[in-house]
Ligand code: COI
């Protein structure tokens, strides 16, 4: 496939809905910009990408995405700096991961010209939707679905790649308390846990609904075989601060290789924080909570940014975390968002101008 940026066909909407949006009071992922990008794959090649007005579209009811969940996605953000320039954060990482997910789900890889080039062109068109300051960002949702028809259980031969954009502030509106999984699992070795596959998220909905009913917002998943190792929280990777050491689980076939996760590790190390990437045991966490050495737990993800966890429940016992004055979570969040919004120097070379 030889798409180039000039191949993108643009059809603009007649009137923008931007003036109807209350940018100060956004519910995460609820409002979308005026346009979207789409690119179809058929006859073994990617077709001409298009930017069109954001709108529903027709699909055959037998499309494989509806029956077999052949669907993947990414989560990214764009930020506007004080000079009105727009920046992406490590888009190469999302692009690479997207195509790894595609391979795992037997889907075709999306060309860089379409994913990154198309994204930049879409954001240029929607630049007024990217706001500066106060934790504002434009959340980017690239995704691919199997559009081929027929309910035979085999990979589709047709796909649609799309990008939609949503102005965003915070993902969680209040305090986040978690339950540690004792029975349900998010992923298993040999499965699709490391892919950003739609099914990894729908599989969490039921146990998370049960957790919500008990007053918890999220689950920290444990390994499926023994439920003794802490893994990730589904919408974010997790970090544990015991005394002054920051721990996080290594990536594996069960854990998403989070872009924010790896950025936090690099940033924390640069700030002189001791970071250990190793399995953290549930028993170790409970013991640390009991003896007071557990200082913080926080989640890290594109949508969630850095989100402190107020406490966790395990086997019916709730452990409240101390309120830290100088938390690692706050320190790292300040540095990370400072780099993303260009208020701090990006010595890592993570930011890419749109
Ligand atoms: C993201 O952080 O971008 C994600 O994809 C998590 C999603 C469940 C909101």
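The values are calculated or read from the model by the stated rules, or taken from the named source; none is laboratory data. Quick caveat: nothing in here was measured; it's all calculated off a predicted structure. Because the Cβ atoms are built from the backbone with ideal geometry, glycine has one as well, and the counts that use them run over all protein chains shown.
Miscellaneous remarks
- Restricted to strands (runs of 3 or more DSSP E) entirely inside the range 283-354, those with at least 1 residues that are touching a strand residue (DSSP E or B) at 6+ places or on another chain (Cβ under 7 Å) and outside the structural domain of residue 196 (by TED's automatic domain parsing) are 351-353.
- Selected residue [within 14 Å of the ligand (Cβ to nearest atom), buried (at least 21 other Cβ atoms within 10 Å of the Cβ) and under 20 Å from the mean Cα position of the chain (by Cα)] from 122, 165: 165
- Given (1) in contact (Cβ under 8 Å) with a residue 12 or more places away in the chain; (2) over 16 Å from the mean Cα position of the chain (by Cα); (3) assigned to a loop (DSSP other than H, G, I, E, B), index of the condition residue 22 fails: (1)
- Residue check, residue 207 within 16 Å of the ligand (Cβ to nearest atom) and either free of Cβ contacts under 8 Å to residues at least 60 places away in the same chain or at positive phi (or both): yes
- In this structure, residue 201 does satisfy being in contact with a strand residue (DSSP E or B) (Cβ under 9 Å, 6 or more places away or on another chain) and within 16 Å of the ligand (Cβ to nearest atom).
- Residue 234 being under 28 Å from residue 65 (Cα atoms), modelled with pLDDT under 95, crowded, with 21+ Cβ neighbours inside 10 Å and within 15 Å of the ligand (Cβ to nearest atom): yes
- Condition met for residue 215 (in the same structural domain as residue 272 (by TED's automatic domain parsing) and out of contact with any helix residue (DSSP H, G or I) (no Cβ under 9 Å at 6 or more places or on another chain)): yes
- When residues of the range 271-282 are limited to those that are part of a strand (DSSP E or B) and touching a residue at least 40 places away in the same chain (Cβ under 8 Å), the one surrounded by the fewest Cβ atoms within 10 Å (Cβ to Cβ): 281
- Flag set for residue 141, criterion: within 13 Å of the ligand (Cβ to nearest atom), in the same structural domain as residue 90 (by TED's automatic domain parsing), modelled with pLDDT of 95 or more and under 30 Å from residue 38 (Cβ atoms).
- Qualifying positions in the range 78-115 - surrounded by fewer than 19 Cβ atoms within 10 Å (Cβ to Cβ), under 21 Å from residue 256 (Cα atoms) and in contact (Cβ under 8 Å) with a residue 24 or more places away in the chain: 92, 93, 100, 104, 106
- Exclusive hit being within 16 Å of the ligand (Cβ to nearest atom), surrounded by 15 or more Cβ atoms within 10 Å (Cβ to Cβ) and farther than 17 Å from residue 222 by Cβ, set 268, 300: 300
- Condition check for residue 24: in the same structural domain as residue 103 (by TED's automatic domain parsing) and within 16 Å of the ligand (Cβ to nearest atom): no
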